[in-house]
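Nothing in this text is a laboratory measurement; each read-out follows from the coordinates by a stated rule. No experiment lies behind these values; they were computed from the predicted model shown. Cβ sites come from the backbone with ideal geometry, for glycine too, and all protein chains shown count toward neighbours.
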Amino acid sequence: MEQDSTANPQTWDWRPLETRDQLKRNALPRKCNDCFWAGALVVAVLATIGFGIYGGMQIDWSKGDGKAFFEGKNLWKCLLSVVFASAFGIIFAWLWTCLLKSCAGTMVRMSIFTYLGLKIAMMALCFYVGAVVPGIILAVVLVFHLLYFWCVWHRIPMAEATLTIAVTQLRKYSQVMWIAVCACILTFVWITTWIFADYGIMCLFGFVEDGRYTAGNDKHSQLRSFGPWIVLFVQLIFLFWGVMAISYIVHAICAGIMGTWYFGTSRKRTVTDAFIRAVTSSLGSISFAAFIVAVIRAMETMASLMEDKGRDDENAAAVVIAMCIGASLHASETSSSTSTA
């Protein structure tokens, strides 16, 4: 049987000093993996922008009677609400990093106690209103969480030290915070563009007329016929794909900065180098990972919508099936997010 030569350390091209010098000068050759997925992401972004422009052209921005969502005045109100919510999120994230830097261990413990407190409150509420089965399920889940937290409690000091180091080093490079703020703004722009794109596609295929869905104008309009259902599912994939790609790019930039700090290869262009790597040689891998999570999240969202529709239609079988599918997809998303992180 042939043995893989890479399994023998004596055959490795091991030149640590030269490699470190190349890392410090950002001259280490890097291969761009998953080029197809990088191109696919670019095509998806351009297509969404195109349909978004078309959708915006179909809207009468002077109308708004409080009934149809895709009427100008109603859209303005929604967008302003999202802007204020995004601004609050940015401010909260900044304050959270300040707290983590000063008292990471306390924040970790508070998070655990808060999570357990909410679980206990939900369990007590279920028993109080007579929902015995959900209360028992929450009690079982609570026991497992208590066991887990008991097992990892002694590792909190290590987590505290790791968080403190990470936050301190990232705060050292102030450009990272601005990149994160830009990513938040870009995410808002992407979601807004996606809303217009979804409306544009619906108009293009005749599923919407005068700002209202032809298959009923309620919250389940896009689930009442096969065509709008397919469009919604594909559009949800595009939505989550863009959102996750932006998030993973920021994650890759932070990882690149921490990597250069760990190996002692930091320089003045550390943030710029990390950004360039994230949007060039690493973009394909980021896009592929984001696509996997996006498909799972789209399916999970569709299952949640079908569950909600089943409840409104009093279809118990549809509700149970949707809940089972949603639970399995949530587990898949958790494992996928862990592996891609």
Task: Packing-based exposure ordering (other Cβ within 10 Å, fewest first) of Met110, Met299, Met177 - done: Met110, Met177, Met299
Task: Distance (nanometres) between label positions extended 7 Å along Cα→Cβ at Val152 and Cys103 - done: 2.2 nm
Open item on the list: Just to confirm a number: summing +1 for Lys and Arg and -1 for Asp and Glu over residues other than Trp94 whose beta-carbon lies under 14 angstrom from that of Trp94, what do you get?
Closed with: +2
TODO: Pop out the ³J(HN,Hα) list for region 36-43 in order, Karplus 6.51 cos²θ - 1.76 cosθ + 1.60 with θ = phi - 60°, rounded to Hz; leave Gly and Pro as x.
DONE: 4, 6, 5, x, 5, 5, 4, 4
Open item on the list: Could you check the spin-label model distance between Phe263 and Tyr128? Points 7 Å from the Cα along Cα→Cβ, value in nm.
Closed with: 5.5 nm
Task: Rounded to whole Hz, the Karplus (6.51, -1.76, 1.60) HN-Hα couplings of region 44-55, x for glycine and proline - done: 4, 5, 5, 5, 5, 4, x, 5, x, 5, 5, x
Task: Around Val152: net Lys/Arg minus Asp/Glu count, Cβ-Cβ under 13 Å - done: +1
Task: Distant-in-sequence amide H partners of Ser282 (H built 1.01 Å from N, under 5 Å) - done: none
Open item on the list: Taking the beta-carbon count within 10 Å as an exposure proxy, list Tyr262, Tyr173 from fewest neighbours to most.
Closed with: Tyr262, Tyr173
Task: Extended-chain gain in nm, criterion 0.36 nm per residue less alpha-carbon gap, Leu95 and Leu204 - done: 34.8 nm
